[in-house]
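The structure appears below as structure tokens.
The values are calculated or read from the model by the stated rules, or taken from the named source; none is laboratory data. Bear in mind the structure is a predicted one, so any value in this text is a computation, not a measurement. All Cβ positions, glycine included, derive from the backbone under ideal geometry; neighbour counts span all protein chains shown.
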Amino acid sequence: MTDVLIGTSPRERLHQLEKTIEDNLLAFVFVGNALIEVRERRLYETEKNPDTGESYRTFGEYMRGRWKPSVTHLYRFINATFIQNYLNENSPIGEFSPSHETQLRPLSKLASHNQVELGKKDPAIWLQAWQGAIKIAGNKEPTESQVARAVDIIIKANHRPKGIIAPAWVGDMALDCVYMADSTSLDFLQTLPENSIDMIFTDPPWDAESLVCYEAAGRLANRVLKLGSYLAIYCGKMFLPEILDILGKWLDYAWTMCVYQPDNNHSTSHQGVGIFEAWRPIAIYRKPGEKRECRFEPDALKCTRQKDWHDWQQGIEPIKKYIGQLTDPGEIILDPFIGGGTIMVAARILGRHYLGFDRDEEAVKNTIVRLSQ
């Protein structure tokens, strides 16, 4: 807590702190500490409410009267300050403590989400979220997006009905189920019967380390797809040439679909080219064999971003379109990287059977919950 300045009256100190708040509205900790001092020293009692002409009686009344347009944001600043102070005191030696304001922002969502009186929440959840973010970051200082993902996992887990278990795959072809399994493993590959699946639709991670997932998807499709059936797979554009080469070893190239996302504001650069990304490719490959009835759909569809269940979640409408185009009701859709479970949900809506896998326990549990709704 900031020391009281010698010779400064409570009212003068309040105005100093209010100037700090006004000058630092984007700096969580500066503002949070100033507001905590205003509250704990009851400095708000020295000021009059312009609406009533009387002194503020409570901190909440002061916040609503003095900071009306920004009350929600300012409470989040206080939350973030509490969280940082707790983590600085309780993180084990050798672990990172939040060093950037942007890392505190997603952590502060936990406090508001729990809807418990300010400062009386379960602070162990904050430590759990931070340690989860460090794990996601690979024991490096986590980024804002990695912190946000860890927070999202905990929030979903708190809402998930108790007793949800992510079943481990043991090779039983029970349909309309999702399982924990490493789909890149050769042992996993051997547990699925040959020529048993009508379509694979999936969305692996898109970074360089995940090219092995595209190799696994091609190998899996070559084994389990029925003759003449299709693999539809979302691709990252940065490594698109490598992905197409990998998949071409296993299947015949058919087409590349475009999912246009007008609300996507992600920026990237590659080979000196700066880009605002606005579309996602879905590569379509076919296992050689008998021809299917030809049905026509556009190769470019518009879809807004949807991230309710997973950071990498895709919109459901393009998935429904292409499942409907390339399969018939009652056929089996397999997704070896389910993420948020959107492909499984689309298959169920369209009257297809589904079979899904992911090595992330939280992804499997969340998909089970989503499919139960």
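For Gly218, state whether it is in the same structural domain as Cys294 (by TED's automatic domain parsing), at pLDDT below 95 and either closer than 27 Å to Ile316 by Cβ or not polar (S, T, N, Q) (or both). It is false that Gly218 is in the same structural domain as Cys294 (by TED's automatic domain parsing), at pLDDT below 95 and either closer than 27 Å to Ile316 by Cβ or not polar (S, T, N, Q) (or both). Considered as a group, the residues in region 328-339 that are crowded, with 23+ Cβ neighbours inside 10 Å and in a loop (DSSP other than H, G, I, E, B) include one that is modelled with the lowest pLDDT, and that residue is Gly339. Within region 340-351, can you find the residues that are surrounded by 23 or more Cβ atoms within 10 Å (Cβ to Cβ) and under 16 Å from Ile197 (Cα atoms)? Listed by number, the residues that qualify are Ile343, Met344, Ala347. Taking residues in region 186-208 that are more than 14 Å from Gly339 (Cβ to Cβ), and partners anywhere that are of a type in the set (Val, Ile, Thr) and assigned to a helix (DSSP H, G or I), the pairs with Cβ atoms closer than 8 Å and at least 6 places apart or on different chains are Leu192/Val224; Pro193/Val224; Glu194/Val224; Asn195/Val224; Ser196/Val224; Ile197/Val224; Met199/Ile323; Ile200/Val224.
For (1) over 30 Å from Ser108 (Cβ atoms); (2) buried (at least 17 other Cβ atoms within 10 Å of the Cβ), each residue gets a yes or a no:
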| residue | (1), (2) |
| --- | --- |
| Thr143 | no, no |
| Ala168 | yes, no |
| Tyr179 | yes, yes |
| Leu192 | yes, yes |
| Ser196 | yes, no |
| Glu209 | yes, no |
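Restricting Tyr230, Tyr179 to those that are over 30 Å from Thr102 (Cβ atoms), hydroxyl-bearing (Ser, Thr, Tyr) and in contact with a Leu (Cβ under 6 Å, 6 or more places away or on another chain) reduces the list to Tyr230.
Counting only residues that are within 14 Å of Phe201 (Cβ to Cβ) and either in contact with a Pro (Cβ under 8 Å, 6 or more places away or on another chain) or surrounded by 18 or more Cβ atoms within 10 Å (Cβ to Cβ) (or both), region 252-263 holds 2 of them. Screening the candidates Arg286, Arg219, Arg280 for the property of being in contact (Cβ under 8 Å) with a residue 24 or more places away in the chain, charged (D, E, K, R) and touching a Cys at 6+ places or on another chain (Cβ under 8 Å) yields one hit, Arg280. Every condition in (1) in contact with a helix residue (DSSP H, G or I) (Cβ under 9 Å, 6 or more places away or on another chain); (2) under 24 Å from Leu192 (Cβ atoms) is met by His270 except one, and the failing one is (2). What do you reckon, is Val38 assigned by TED's automatic domain parsing to the domain that holds Leu127, farther than 15 Å from Ser112 by Cβ, in a helix (DSSP H, G or I) and in contact (Cβ under 8 Å) with a residue 60 or more places away in the chain? No; evaluated as a whole, the condition is false for this residue.
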